[in-house]
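See structure below.
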Amino acid sequence: LLEGAWLPTELNPWLQSWWDSIWLDFTFGQEIPHGDFDIQGRWGSRGTRSMTYGSVGFGNLVYKGLPVEEGSLKVIVNREKTRLAEVRLKPQQGEVEGELSFTRSQSGKPIVLGFDLRGDLNPTQCRRVFGPVAEQVLERFETNATVAVKALGNVLLGKGNGSSKDLTRFRIDTNCTKPISYSGMPLEHLYLKLNSTSDQTRIQPLKFGLA
């Protein structure tokens, strides 16, 4: 049982390099995160015989360029996956809630990221958060307002040795009622629904206002 307030990076000497690599994209401010964890099982078994359940509260940190003023989440880890549940984040603009899950790395099995997120975000503040492919798209948008977003689905991160099937399938709904520009073209408003699979990405409907 672990409970207290500490900087995660201060635990690096105890938890070794795998822990250190988690925090390379984070910058912590003066507010110290608080954690409460229950960890049981066989340590060093690569998670196959252990169980972790905990909660974390934090504030004043930056993740890949996105400043977060306040946040909380629950962490659930078993032999199948790591799950971040009841995620609640308050960036400088907007608010986000939902959950994420990562399948555990096991020999020959695919690694899948699952997500169910909703809220309001400024796309200029979160360009780097969702990876290099999303960053290339978000760099085309400029706005001072937040965009309402609902995102649900799975993204295949690694196929593994025995699987040739791409499990990527997700849906994104966005709505911006304030002025926004795309590739330099000013829009009065923008609304779209995107459905993507490993074979095809389809946007329907797509609505935007000009002049």
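Are any of the pairs K178/K207; K90/K178; K150/K207; K90/K207 more than 24 Å apart by Cα-Cα distance, and if so, which? Where the Cα-Cα span goes over 24 Å, the pairs concerned are K90/K207.
Working from Cα pairs under 8 Å separated by at least six residues, relative contact order for the chain is 11 percent. With contacts taken as Cα pairs under 8 Å and at least 6 residues apart, the range 71-196 reaches a relative contact order of 19 percent. Stokes-Einstein diffusion for the range 1-126 at 4 °C, viscosity 1.567 mPa s, with a Kirkwood radius from C-alpha pairs, works out to 82 µm²/s. Of the accessible area of the range 1-83, computed with a 1.4 Å probe over protein heavy atoms only, carbon and sulfur atoms account for 52 percent. Counting only protein heavy atoms and a 1.4 Å probe, the chain has 64 square angstrom of accessible area per residue. Helix 12-22 and the longest principal axis of the C-alpha atoms of the chain enclose an angle of approximately 20°. For the chain, the 222 nm mean residue ellipticity estimated from helices alone, with every DSSP H stretch of n ≥ 4 adding -39500 (n - 2.57) and the total spread over all residues, rounds to -2500 deg cm²/dmol. Counting protein heavy atoms only, the range 147-211 has 52 percent of its accessible area on carbon and sulfur, 1.4 angstrom probe.
Karplus-derived 3J(HN,Hα) values for the range 127-133, using 6.51 cos²θ - 1.76 cosθ + 1.60 with θ = phi - 60°, are 4, 8, 5, 9, x, x, 5 Hz; glycine and proline are entered as x. For the pair A145 and I172 in one chain, pulling the backbone fully straight at 0.36 nm per residue adds 7.9 nm over the alpha carbon distance.
Residues in the range 174-181 carry Karplus couplings, in order, of 10, 8, 10, 8, 10, x, 8, 10 Hz; the curve used is 6.51 cos²θ - 1.76 cosθ + 1.60 with θ = phi - 60°, and Gly or Pro positions show x.
In the chain, if the dipole is taken from +1 on Lys/Arg beta carbons and -1 on Asp/Glu beta carbons about the Cα centre, which of Q16, Q92, M51 is farthest to the positive end? After comparing all options, I get M51. Taking Lys and Arg as +1 and Asp and Glu as -1, the other residues whose beta-carbon sits under 11 Å from that of D36 total -1. Rolled with a 1.4 Å probe across the full set of protein chains, the surface gives Y182 an accessible area near 80 Å². Our summary gives the range 1-77 a relative contact order of 28 percent, counting only alpha carbon pairs under 8 angstrom and 6 or more residues apart. Across the chain, Cα-Cα pairs farther apart than 32 Å form 25% of the total. Using the Cα coordinates of the range 64-150, the gyration tensor eigenvalues translate into equivalent-ellipsoid semi-axes of 26, 17, 10 Å, sorted from longest to shortest. Using θ = phi - 60° in the Karplus curve 6.51 cos²θ - 1.76 cosθ + 1.60, the 3J(HN,Hα) couplings for the range 91-100 round to x, 4, 10, x, 7, 9, 9, x, 7, 10 Hz; x is entered for Gly and Pro.
The values are calculated or read from the model by the stated rules, or taken from the named source; none is laboratory data. All values reported here derive from a predicted model rather than from experimental measurement. Note that we place each Cβ from the backbone using ideal geometry, even for glycine, and neighbour counts take in every protein chain shown. Only protein heavy atoms, including side chains, enter the accessible area calculation; ligands, DNA and RNA are left aside. Shrake-Rupley method; radii C 1.70, N 1.55, O 1.52, S 1.80 Å.
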